[in-house]
Amino acid sequence: FIFLTVVSSGAYASKTVSGVVAVSTGPMKAVTQSVDRNLTAGDDVFMNDEVETGAKTRAQVLLRDESVFSMAPSSRIVFDEFVYDPTVGEGSLQASLVKGGLRFVSGQLSNNRPENIKIKAGKATVGIRGTEIMAQRSEQGSTFVLLSGEMEISTDSGTQLINRPGFGIDVSGEGMLGPVRPVPLAEINAILAPPSEKEESQAKDEQAGSSDNEEGEEESDST
């Protein structure tokens, strides 16, 4: 079953619309507290929503300033903040990549307030300057790749500006910045690719093991 899930901390009916789901490769589902709703292209995404793609789902979320988040399978993004006034083209955007991969193309906000666009992944925060970037996060750390414009990566250990397309940087789980390096095209393409059959099988095994543990705990509690 291919799905995209949106998990929100508040009732969606009272929340500000940040954007819409523009594309999804499979069925989609949104969960807001105890309220479930199916999502299709054109449905709303709200500020503070946690958007998660299934193991084979690719999706795009289009924000009101025309910024685009393309999400890889098995990825999770939290839209922490999005404020946009189209009459003056100003506002702010902050999103966090919790796991997986994304491709971000900045919209109207980058024309007037590029300093107000921040993408977080682990210990790193990326400042956007009229930019198209890719990012990937795992337990080992994060990788950021510049496709156009420029980006500034900041952690507690320092700051690094990258303005050469095709170059990127690795950030350890502890927030240590690696050297700026050219990123091979195969590695760039792999960021949005579905997981390998081996990785998918491991994920299913882990999920099954987790379910077995929960059932065992419930039986233990009942006795």
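Computed from backbone phi with θ = phi - 60° and the Karplus coefficients 6.51, -1.76 and 1.60, the 3J(HN,Hα) list for region 97-113 is 8, 7, 7, x, x, 8, 10, 10, 10, 6, x, 5, 4, 5, 6, 10, 10 Hz; x is used for glycine and proline.
Computed with the Debye formula from one identical point scatterer per Cα of region 117-158, without solvent, the log10 of I(q)/I(0) at q = 0.23, 0.32 Å⁻¹ comes to -0.74, -1.21. Each residue, MET176 and ASP43, gets one label point 7 Å from its Cα in the Cβ direction; the gap between the two is 4.4 nm. When you filter the GluC sites (Glu not before Pro) in region 75-160 for DSSP loop state and at most 14 other Cβ atoms inside 10 Å of their Cβ, you are left with GLU139. Amide H contacts for ARG129 (H built 1.01 Å from N in the peptide plane; partners 5 or more residues away or on another chain; cut-off under 5 Å): GLU150. Size descriptors for region 24-178, from the alpha-carbon set: Rg then Dmax equal 15.3, 46 Å. The length gained by stretching the chain between SER92 and LYS56 to full extension, at 0.36 nm per residue less their Cα-Cα distance, is 9.9 nm. A Förster radius of 22 Å combined with the Cβ-Cβ distance from ASP80 to ASP156 puts the calculated FRET efficiency at roughly 0.70. Extension gain, ASN189-ASN163: 0.36 nm per intervening residue step, less the Cα-Cα distance, totals 7.4 nm. Less than 12 Å from a label point 7 Å out along the Cα-to-Cβ axis of SER138: which backbone N atoms in region 88-126 qualify, by residue? From region 88-126, the list is 100-101.
Only the coordinates and a few stated rules stand behind these numbers; no lab work does. It should be emphasised that the depicted structure is a prediction, and the values quoted were computed from it without experimental measurement. Cβ sites come from the backbone with ideal geometry, for glycine too, and all protein chains shown count toward neighbours.
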